[in-house]
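Asker: First the structure, then my questions, so here it is.
The values are calculated or read from the model by the stated rules, or taken from the named source; none is laboratory data. Worth saying up front: this structure is predicted, and the values here are computed from it rather than measured. Here Cβ is always computed from backbone atoms with ideal geometry, including for glycine, and neighbour counts include all displayed protein chains. Only protein heavy atoms, including side chains, enter the accessible area calculation; ligands, DNA and RNA are left aside. Shrake-Rupley method; radii C 1.70, N 1.55, O 1.52, S 1.80 Å.
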Amino acid sequence: EKYFDSLVSLAADMDILNQIEFCGYQTDVEPYYAMADLHLVTSEYEGFLLTLFESKFAKVPCVMYELPYLCCNQDKRGCFTVGMGDINAAAEKIIRIAQDKAQLVEYGEEAYKSTEWIRQYDYQARWKEIIESMENPTSNVSIEPAEDIMWNTLLEHYRTGSEKRNNERSGDGDIKRKYEDAKREFDRVNDSYSYKLGLALTFIPRKMYKRIQKLFVGTGRQKR
């Protein structure tokens, strides 16, 4: 409630309150996507961006910060990314896209087409394959370089988000210091024996995730 009130107050201070509808919690988001011309995502970190799937299915193009590890945006049709925190670039992208209504509709169609792989894939067969593979686990716990980058980026973004939320709750304004401390701790844990042992113990869950990631990324590429 405090955060919501701060947004309303900010909009009032900027004299744009009449141009914003604060929707609050909604159980049915479809009507909002039906009214929307563009989806703007300002997240600096995400584990799984469900709203991006929703907007793609609703044929609404998106502008967002670059989050290269997101499997749901490997096929970037209808989705336009800018550098992290580059508000001006995002604004310029929005203006350019929104100026041409016909092009806007075309981008929305492209966004919908980018979900074809998830609408057509046989998930029952894939889950059956994953479960059956658990009957014959291997002892190889090596991680490919690309997978290592993905995990490090994903965990770092989770940690960053957690630190920022804790900072907001505590009222401590030194986010940068907290982030640097967390990053040092992350590096320490990453090099520790217990972490490496954890990799071995969690091999099967990670193997399942790897198969799912290949499904998302590989199938998306085939459809492009």
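Asker: Using the structure shown, decide if K59 is more than 18 Å from Y32 (Cα to Cα) and among the charged types (D, E, K, R).
Answerer: no
Asker: In addition: Any residue that is polar (S, T, N, Q), farther than 20 Å from L50 by Cα, surrounded by 15 or more Cβ atoms within 10 Å (Cβ to Cβ) and at pLDDT 65 or above - is there at least one of those in segment 157-172?
Answerer: Yes, the conditions are met somewhere in segment 157-172.
Asker: Residues of segment 83-94 being open to solvent by 40 Å² or more (accessible area, probe 1.4 Å) and in contact with a strand residue (DSSP E or B) (Cβ under 6 Å, 6 or more places away or on another chain), which ones?
Answerer: If the condition is that a residue be open to solvent by 40 Å² or more (accessible area, probe 1.4 Å) and in contact with a strand residue (DSSP E or B) (Cβ under 6 Å, 6 or more places away or on another chain), then M84, K93, I94 are the ones that fit.
Asker: Could you list, in sequence order, the residues of segment 16-41 that are free of Cβ contacts under 8 Å to residues at least 40 places away in the same chain, in a loop (DSSP other than H, G, I, E, B) and closer than 30 Å to E156 by Cβ?
Answerer: If the condition is that a residue be free of Cβ contacts under 8 Å to residues at least 40 places away in the same chain, in a loop (DSSP other than H, G, I, E, B) and closer than 30 Å to E156 by Cβ, then Y25, V29 are the ones that fit.
Asker: Just to check your reading of the model, which residue among D28, D15, D5 is at positive phi and open to solvent by 60 Å² or more (accessible area, probe 1.4 Å)?
Answerer: Working: D28 fails: at positive phi; D5 fails: at positive phi.
Exactly one of D28, D15, D5 is at positive phi and open to solvent by 60 Å² or more (accessible area, probe 1.4 Å), namely D15.
Quick grid of which residues meet (1) open to solvent by less than 30 Å² (accessible area, probe 1.4 Å); (2) under 22 Å from L154 (Cβ atoms):
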{"position": "L49", "(1), (2)": "yes, yes"}
{"position": "T81", "(1), (2)": "no, yes"}
{"position": "A98", "(1), (2)": "no, no"}
{"position": "K101", "(1), (2)": "no, no"}
